[in-house]
Amino acid sequence: MPEITYDTQTAAAYRAAREIPLDGLTAWREAIAETVPLRPGMTVLDVGAGTGSFATAFRTWFGVRVLAVEPAAAMRAAIPADDAIEVLDGRADALPVPDASADAAWLGSVIHHLPDLAAAARELRRALKPGAPVLIRNAFPGRYDRDLRVRFFPETASGIDAYPSIDEVTAAFTAAGFGRTRTLLSLPHEAAPTLTAFAERLDRGTDSKLRALPDDAYARGLAHLRREAADHPDAPAVSWMDLLVLA
């Protein structure tokens with residue numbers, strides 16, 4: 001699957017096309033609150049923070065301090081840093097934070113980009129306090145039947161099938177010293193208020209799954225999406241992903 005090189009323009013396009021509004025993430029806020037007892041004064045490590053949408057969400061939802069770690073300079077520049085969000089240059093296998101410095105770690109759509117999952121798991125164990133959880137938001141092989149992109153661009157499923165599986169991720173983190181406590185939830189988010197709005201937001205250049213498609217497959221999927229939007233003008237663009245919590 002082709003990787004995306006981010007410059008200022010691409011980072012801005014990513015933010016416009018891919019960030020989910022906070023009011024579209026209600027189920028995620030509720031599930032995280034029920035699963036992990038986050039509260040003001042705690043520190044969350046956001047690994048692969050992108051343009052900072054979830055860093056902002058964690059700060060807003062829970063009043064925590066966020067260490068937003070992102071390797072791409074253009075993406076880091078787009079993160080809304082403030083007293084509660086510190087932006088850091090780093091990677092999952094080389095985190096620029098002291099030992100045992102965070103109360104939880106968040107990896108949002110990051111797992112499949114990691115070149116060495118085992119090394120990243122070991123580094124996260126080092127950076128987290130004893131017993132602190134890692135929260136992983138991702139698509140996983142065999143569990144993408146309600147993924148919005150797969151619905152309209154079914155050829156993207158083959159790319160997800162190449163992602164690390166839940167069992168592979170669990171094994172890597174268990175070997176790194178995380179316990180065997182595992183929570184797995186499938187949760188919805190509203191990517192856009194309507195399918196028409198979702199179609200208008202699509203930017204193939206910011207989505208590695210869509211970039212990997214042949215032109216004819218992308219054109220078919222976009223036409224399918226637009227037909228559905230015309231037939232169901234009030235239907236929200238809802239997609240589902242998994243939340244895997246390991247501690």
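The values are calculated or read from the model by the stated rules, or taken from the named source; none is laboratory data. The model shown is predicted, which means the values in this text are computed figures rather than measured ones. When we count neighbours, we look across all protein chains shown, and the Cβ atoms used for this are built from the backbone with ideal geometry, even at glycine. Surface accessibility is based on the protein's heavy atoms, side chains included, excluding ligands, DNA and RNA. Shrake-Rupley method; radii C 1.70, N 1.55, O 1.52, S 1.80 Å.
List of remarks:
- Mean projected area (nm²) of the alpha-carbon convex hull when the stretch 191-247 is viewed from all directions: 5.1 nm²
- Over the residues of the chain, the helix contribution to mean residue ellipticity at 222 nm works out to -11000 deg cm²/dmol, using -39500 (n - 2.57) for each DSSP H run of at least 4.
- Put Trp61, Trp28, Trp240 in order of accessible area, highest first, and with a 1.4 Å probe you get Trp240, Trp61, Trp28.
- Simple spin-label estimate for Thr194 and His232 in nanometres, 7 Å along Cα-Cβ: 1.5 nm
- Only Lys, Arg (+1) and Asp, Glu (-1) charged, at Cβ; the stretch 20-158 dipole about Cα centre in debye: 240 debye
- Under a 5 Å amide H cut-off, with hydrogens placed 1.01 Å from N, Thr194 pairs with Ala237 among residues at least 5 apart or on other chains.
- Share, in percent, of DSSP beta bridges within the stretch 20-118 that are antiparallel, nearest 5: 15 percent
- Among beta bridges from DSSP that stay inside the chain, the antiparallel ones total about 50%.
- To the nearest 10, the accessible area of Phe62 is 20 Å² with a 1.4 Å probe.
- The stretch 1-70: translational diffusion in µm²/s, Stokes-Einstein, Kirkwood Rh over Cα pairs, 10 °C, 1.306 mPa s: 119 µm²/s
- Magnitude of the charge dipole, the stretch 99-247, Cβ model with Lys/Arg +1 and Asp/Glu -1, debye to 20: 340 debye
- Pairs of Cα atoms farther than 34 Å apart, the chain, %: 13 percent
- Helix 117-127 axis, angle to the chain major axis (alpha carbon atoms, nearest 10°): 50 degrees
- Placing dummy labels 7 Å off each Cα toward the beta-carbon, the span from Lys129 to Ala73 is 3.5 nm.
- Stretched out straight at 0.36 nm per residue, the stretch from Asp7 to His224 would grow longer than its current Cα-Cα span by 75.0 nm.
- The eigenvalues of the Cα gyration tensor, multiplied by 5 and square-rooted, give the stretch 130-247 an equivalent ellipsoid with semi-axes of 32, 16, 10 Å from largest to smallest.
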